[in-house]
Amino acid sequence: MKKFIKFLFAMALFMGSSVSLASSVAAEEKPMVTVTTSFLGDMVKNLAGDLVTIEMIIPAGEDPHLYEPRPQDLQKLKEADLVLYHGLHFEGKMIEQLEPIGVAVSENFDSNEVGVMDDDGGMAVDPHFWFDLNLYQQATQRASEALIELIPDNEAEIMEHTDKYITQLKELDKELEEKIASIPEESRFLITPHDAFNYFSRTYNIPVRAPQGVTTDSEVSNKDIDDTVDFIVENKIKAIFAESTTDPARMEKLKEACASKGFEVKVVSGEGQELFSDSLAPEGQEGDTFIDMCRHNVDLIVNNLK
């Protein structure tokens, strides 16, 4: 197909055709980078700009833990010049398709920095590394290296974009640390639907509890719910938070259970009032870039706990 397009391009030049065909050929010949999530789509956009065409597997707003691959997804993987995925078992139901052909942006992480936690009675790797901005910078560097390998003629431009983005991430890290530290220590507790914020907890010194495990397809036991309710009541926690990719009814049940013990807690939920954990917001909405998502989350937490 590409040879045929090149032939048409040559004929157009010979015949004095307009430059519109040249533009379409240039667009056609951009390398295709297929990414699994909105996080990586935003990352590649920051690093490579319009040097590549980006295809995304899991749409923004959907739960990657539960996502089932579709026929068009396999086509995107097959046609890609580069495939980038998270790794650490985040794309659990697609791992067999991804490992042989893709680059895991987490592949160079020091094992001592990767979280491990109890999940349904067994030990599981915590894949939510993006809430540790140091690890996210390492992932960004790995994606940058893969993009340079793909289009080495554009190395200088990609390196410039990478340095700029890493600087923004470092500044963001300091900003978030200061904001979280402004919450009084006795109020600094984060309750979420599932265990997605443990990297966030260790990075910003805010204890986190959740009734569900590291993935949203794990079982929620009555004991986990009771333990979470007791923790809320004992620590007199002002507010608990819904997530954009989980059912807010779970947090309402926690609220009802707290009320039965004589304690009122606010559920922070609704459009624009949910935490982003496993996905960015759809394009055009608040939180549709990684940096905006981080600010949205922290502002929401600070405003309701401070």
All-but-one check, Tyr199 against (1) among the aromatic types (Phe, Trp, Tyr); (2) closer than 17 Å to Asp278 by Cβ; (3) open to solvent by 10 Å² or more (accessible area, probe 1.4 Å), failing number (3)
From the option list Tyr85, Tyr165, single residue qualifying as more than 25 Å from Tyr204 (Cα to Cα) and modelled with pLDDT of 95 or more is Tyr85
The residue that is most open to solvent (accessible area, probe 1.4 Å), considering only those in segment 129-151 that are charged (D, E, K, R) and within 20 Å of Asp81 (Cβ to Cβ), is Glu149
Among Gly49, Gly61, the single one that is more than 16 Å from the chain's Cα centre (by Cα) and in contact (Cβ under 8 Å) with a residue 60 or more places away in the chain is Gly49
Restricting attention to segment 152-195, the residues that are open to solvent by less than 40 Å² (accessible area, probe 1.4 Å), assigned to a helix (DSSP H, G or I) and touching a residue at least 40 places away in the same chain (Cβ under 8 Å) number exactly 8
Those helices (runs of 4 or more DSSP H) completely within segment 196-302 that have 1 or more residues that are over 20 Å from the mean Cα position of the chain (by Cα) are 222-234, 249-259
Considering residues that are more than 20 Å from Ile232 (Cα to Cα), crowded, with 17+ Cβ neighbours inside 10 Å and of a type in the set (D, E, K, R), the number found within segment 255-291 is 2
Q.
Being of a type in the set (S, T, N, Q) and under 24 Å from Leu135 (Cα atoms) is the requirement here; does Thr228 meet it?
A. no
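The values are calculated or read from the model by the stated rules, or taken from the named source; none is laboratory data. Just so you know, these numbers come straight off a predicted model, no measurement behind them. Virtual Cβ from ideal backbone geometry, glycine too; neighbours counted across all protein chains shown. Heads up: the accessible areas ignore ligands, DNA and RNA and are worked out on the full protein's heavy atoms, side chains in. Shrake-Rupley method; radii C 1.70, N 1.55, O 1.52, S 1.80 Å.
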